[in-house]
1. If you check ALA72, ALA51, which single one turns out to be among the aliphatic types (A, V, I, L, M), assigned to a loop (DSSP other than H, G, I, E, B), in contact with a Ser or Thr (Cβ under 9 Å, 6 or more places away or on another chain) and buried (at least 17 other Cβ atoms within 10 Å of the Cβ)?
2. For residues that are without any contact (Cβ under 8 Å) to a residue 60 or more places away in the chain, surrounded by 14 or more Cβ atoms within 10 Å (Cβ to Cβ) and outside any helix (DSSP H, G or I), tally how many sit in region 145-183.
3. Mind listing just one residue for me: the one in region 392-413 that is in a loop (DSSP other than H, G, I, E, B) and modelled with pLDDT of 85 or more and, of those, farthest from the chain's Cα centre (by Cα)?
4. For region 343-371, which positions are hydroxyl-bearing (Ser, Thr, Tyr) and either buried (at least 16 other Cβ atoms within 10 Å of the Cβ) or farther than 22 Å from SER317 by Cβ (or both)?
5. Considering every residue within region 100-109, establish whether at least one is among the hydroxyl-bearing types (Ser, Thr, Tyr) and part of a loop (DSSP other than H, G, I, E, B).
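The values are calculated or read from the model by the stated rules, or taken from the named source; none is laboratory data. Fair warning: this is a prediction, and the values are worked out from it, not measured in the lab. Neighbour counts run over all protein chains shown; Cβ positions are idealised from the backbone, glycine included.
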Amino acid sequence: MLDPAIQSFLDERKEARLKGKLKPSLSDEERQLIIDRANEEFLLDNWLPKAAKRAWQVSLLSHPSKFTHSSAKTSSIIALGSAKNDGFLRTGNSGTTALDVSGNAASLDVYRFLILTLNDNQTILDHLEADTEHIKIQFTIPSASYQNIKAGLLAIKPIDSDEKITSERLKQVYFPVKDNYHLLSLLTPSGLLYKFKHQINEIRFSDEVKEARDAKKKNHYHEKGFDELYDLTAIGFGGANPQGVSLLNSQNGGVSYLLPSMPPELTPQKIRLPKTDFFSNSLYYKNYESSFKSLDKLMTLDRNNIHIRQGIDNIISFIVSQVIGRSWKIRSSDKNWSEKTSLKPYQKTWLDNAYEEKRAEDDEWLNEVITELARWIINSYKKVVGDKKAKFLADTELIKIKALIKEQQEGLL
């Protein structure tokens, strides 16, 4: 006896065909001829062999390439992954096992047939892969052998092979692997998109949510309430032909949601104000370690030409600009903050905007800042590379660094 699910499927297909063919203007003879042909076409003995021959026109997969480009032709990939408590949003952790289908839209009925659940709660595809006696009995027909039908229908599943075909139309990314790179082709997990949209629609449009919204409008209490999702964006795939991308995309109406991806709003870090000395309290030499190591590489070269000297000057100027930036952050604090500190007078003048007028009246404080900053650069350099390896220690180097600082003294004022 034919399984009810199979018979129901064939009957529904026949009714859909007749609905499109039977017109009021037809004569009784014409109507009967169409009905007889449909009855013949949708007998299992006739429909099944033809379906087996069409199955290869669609492919079962989890990551369709046509989401990226309608002309992309790639291997059919099935990659569901296993669940793991690793905190990553990925297919294996989504709880979805739904596979997708891509290919000739006219043959999607073969896939719908294969995922029918029979009276033992197993799908036709499950039975075929397990080669059960139950499916052999169902598919024993006079018009074709069971083995040919099985082979034809299972052509919907890709053959597992190490060789995968990609397409130049896909987006690609170089992914670092040890000392080399792998060129990866990016594919879209349509099962995730489908489940994601379903969950969002549940949050926004379920009967329970509608009831809660109605209660809010009437200013009534509702036990559970509802959630709101703001700034959603819809993205379309496939245009007027979403089936051309995949079956799940078609069931999504060709539209998926995008959540807003915005940078986090970080709480501004509190400025650590110096209490005794700006250079020891507010500047940590290790924060400038990479710059000092780059400086040392140039200093230790045997060659001495204009390019090397210019490189040395550029690194020192970069360090100076970072220190100036730090001083401006401290200046942004409330006026008179330095009154409760034991900073030297020149540093109070430099860093506290309560002394803004004094900064403009004379430059004695500025000379002291330049000298101390130059000494801090030399001492920090020695701490990073070591006293024995440090190359510039003479007074002439101090003068040279002070000259580079003076080039940026506008930032110190």
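1. Values: ALA51 fails: assigned to a loop (DSSP other than H, G, I, E, B).
The match here is ALA72.
2. Within region 145-183, residues that are without any contact (Cβ under 8 Å) to a residue 60 or more places away in the chain, surrounded by 14 or more Cβ atoms within 10 Å (Cβ to Cβ) and outside any helix (DSSP H, G or I) number 0.
3. Initial filter on region 392-413 (in a loop (DSSP other than H, G, I, E, B)): 392-394, 407-408, 412-413.
With the extra rule that they be modelled with pLDDT of 85 or more, the set shrinks to 407-408, 412.
Values: GLU407: 45, GLN408: 42, LEU412: 43 Å.
Restricting to residues being in a loop (DSSP other than H, G, I, E, B) and modelled with pLDDT of 85 or more, the top hit is GLU407.
4. Going through region 343-371, the residues hydroxyl-bearing (Ser, Thr, Tyr) turn out to be 346, 349, 355, 371.
Of everything in region 343-371, those that are hydroxyl-bearing (Ser, Thr, Tyr) and either buried (at least 16 other Cβ atoms within 10 Å of the Cβ) or farther than 22 Å from SER317 by Cβ (or both) turn out to be TYR346, THR349, TYR355.
5. Just the residues of region 100-109 that are among the hydroxyl-bearing types (Ser, Thr, Tyr), to begin with: 102, 107.
From the residues that got through so far, the ones that are part of a loop (DSSP other than H, G, I, E, B) too are none.
Checked against the condition, which is being among the hydroxyl-bearing types (Ser, Thr, Tyr) and part of a loop (DSSP other than H, G, I, E, B), region 100-109 yields no hits at all.
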